[in-house]
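Just below is one structure, and these are the notes that go with it.
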Amino acid sequence: MTRITQLSQLDLTADYSYADYLTWQLNEAVELIKGKIQLMSPAPNVKHQRLSIYLSSRLFYFFENNGCHVFSAPFDVRLFDRNRSLLADKEITTVVQPDICVICDNGKLDEQGCNGAPDWIIEILSKGNSKKEIKIKYALYAESGVREYWLIYPYEEVIQQFVLNNENNSYQLMNSYAGDDVAISYLFPDLAVDLLALFKES
């Protein structure tokens, strides 16, 4: 088998599986969306990193003793239709790296990352990835059963909170937070994020 170390060795129009993905040894960060390779944005800027670190640490301390786990990118999350049972690596065609995710089902965690939908995903938008996060991942996360999804707009200093409607497998915009609001998680209502403190860090 040819050792894949450069993106140029791959056909960006071809379909790949998670089993293929595991064999790659690329310098570039990529995700796999329904079998297609998606290049990730360049390394996050300082604003993005500060927001990610602040939120990750806030969530880590909140969940430290309650059985849920917090992970930040790079961390592989394998997604598939939530009506399907666990799939073999060769059957999985979507693997993403959310900025932050919360997983409360220990059975979904293995040495490679998360196998199935996290309970909560937070994506911090950048100018290079907004279309992907808003459109493509929005649909993927709903389809796979991510119950709560936050989109953070760093420059506008806004958080959009989406909650999954189980009846039609689509997201409902629950809240838009801005200014001096305090964002409250739908799934974990004791967890509050003060926007003034959050965006002060960035």
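Could you please give the count of residues in the range 19-46 that are assigned to a loop (DSSP other than H, G, I, E, B) and among the polar types (S, T, N, Q)?
Total meeting the criteria: 4.
Can you tell me which of E157, E123, E91 is among the acidic types (D, E) and out of contact with any helix residue (DSSP H, G or I) (no Cβ under 7 Å at 6 or more places or on another chain)?
E91
Quickly run through the range 3-18 and pick out the residues that are under 20 Å from K90 (Cβ atoms), of a type outside the set (S, T, Y) and assigned to a helix (DSSP H, G or I).
Residue satisfying the conditions is Q9 alone.
Going by what's in this entry, would E123 be described as under 19 Å from the mean Cα position of the chain (by Cα), buried (at least 20 other Cβ atoms within 10 Å of the Cβ) and free of Cβ contacts under 8 Å to residues at least 24 places away in the same chain?
No; evaluated as a whole, the condition is false for this residue.
Here are the criteria: (1) over 23 Å from E143 (Cα atoms); (2) among the hydrophobic types (A, V, I, L, M, F, W, C); (3) not assigned by TED's automatic domain parsing to the domain that holds F162. Tell me which single one L51 does not satisfy.
Tallying (1) over 23 Å from E143 (Cα atoms); (2) among the hydrophobic types (A, V, I, L, M, F, W, C); (3) not assigned by TED's automatic domain parsing to the domain that holds F162, L51 fails exactly one: (3).
Of everything in the range 21-49, what is charged (D, E, K, R) and without any contact (Cβ under 8 Å) to a residue 60 or more places away in the chain? Give them in sequence order.
Scanning the range 21-49 gives E28, K36.
I'd like the residue in the range 58-73 that is over 15 Å from the mean Cα position of the chain (by Cα) and surrounded by 13 or more Cβ atoms within 10 Å (Cβ to Cβ) and, out of all such residues, is farthest from K200 (Cα to Cα).
C68
Which of the residues spanning the range 141-167 are out of contact with any Phe, Trp or Tyr (no Cβ under 9 Å at 6 or more places or on another chain) and crowded, with 19+ Cβ neighbours inside 10 Å?
Result: I152, single match.
The values are calculated or read from the model by the stated rules, or taken from the named source; none is laboratory data. Since we're looking at a predicted model, the values are computed, not measured. When we count neighbours, we look across all protein chains shown, and the Cβ atoms used for this are built from the backbone with ideal geometry, even at glycine.
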